[in-house]
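Below: one structure, written as structure tokens.
The values are calculated or read from the model by the stated rules, or taken from the named source; none is laboratory data. Since we're looking at a predicted model, the values are computed, not measured. Neighbour counts run over all protein chains shown; Cβ positions are idealised from the backbone, glycine included.
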């Protein structure tokens, strides 16, 4: 579980393998909250870029959104923005892109 502003939330921490399975089944929409340049350099196939620097929870696509970033910090911050705005999301990738790569899962690079 993650903790935001001292309050326990029901935000789900997806493991890389859980996220891989959910993406393969089309059950979630992956949103990368890293900056556009970071996303362009290396990304998870199908991830949509919505940088934290200009993050607007109301602009997220409809559906079961899972957030990710490099290590999980920015996605946790974006999840807090979502909670404050009353926008429900499915969760975030625990450990971020680093955990995804460490699990041996594929990425796209330029």
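Residues that are part of a loop (DSSP other than H, G, I, E, B) and closer than 18 Å to residue 16 by Cα: does segment 49-61 have at least one? Steps first, answer last, please.
To start, the set of residues in segment 49-61 that are part of a loop (DSSP other than H, G, I, E, B) comprises 50-51, 55-56, 60-61.
Adding the requirement that they be closer than 18 Å to residue 16 by Cα leaves none.
No.
Quick one: would you say residue 96 is on the phi > 0 side of the Ramachandran plot and either modelled with pLDDT under 95 or in contact with a helix residue (DSSP H, G or I) (Cβ under 8 Å, 6 or more places away or on another chain) (or both)? Taking the combined requirement at face value, the residue satisfies it. Of the numbered criteria (1) on the phi < 0 side of the Ramachandran plot; (2) under 13 Å from the mean Cα position of the chain (by Cα); (3) touching a residue at least 60 places away in the same chain (Cβ under 8 Å), the one residue 91 fails is (1). Counting only residues that are closer than 20 Å to residue 103 by Cα and surrounded by 15 or more Cβ atoms within 10 Å (Cβ to Cβ), segment 43-71 holds 9 of them.
Considering every residue within segment 2-15, establish whether at least one is in contact with a helix residue (DSSP H, G or I) (Cβ under 8 Å, 6 or more places away or on another chain), at pLDDT 95 or above and surrounded by fewer than 20 Cβ atoms within 10 Å (Cβ to Cβ). Yes, segment 2-15 contains at least one residue that is in contact with a helix residue (DSSP H, G or I) (Cβ under 8 Å, 6 or more places away or on another chain), at pLDDT 95 or above and surrounded by fewer than 20 Cβ atoms within 10 Å (Cβ to Cβ). Within segment 76-98, being within 15 Å of residue 22 (Cβ to Cβ) and not in a loop (DSSP other than H, G, I, E, B) holds for 91, 92, 93. Taken over segment 16-38, the residue count meeting the criterion of being free of Cβ contacts under 8 Å to residues at least 12 places away in the same chain and assigned to a helix (DSSP H, G or I) is 4.
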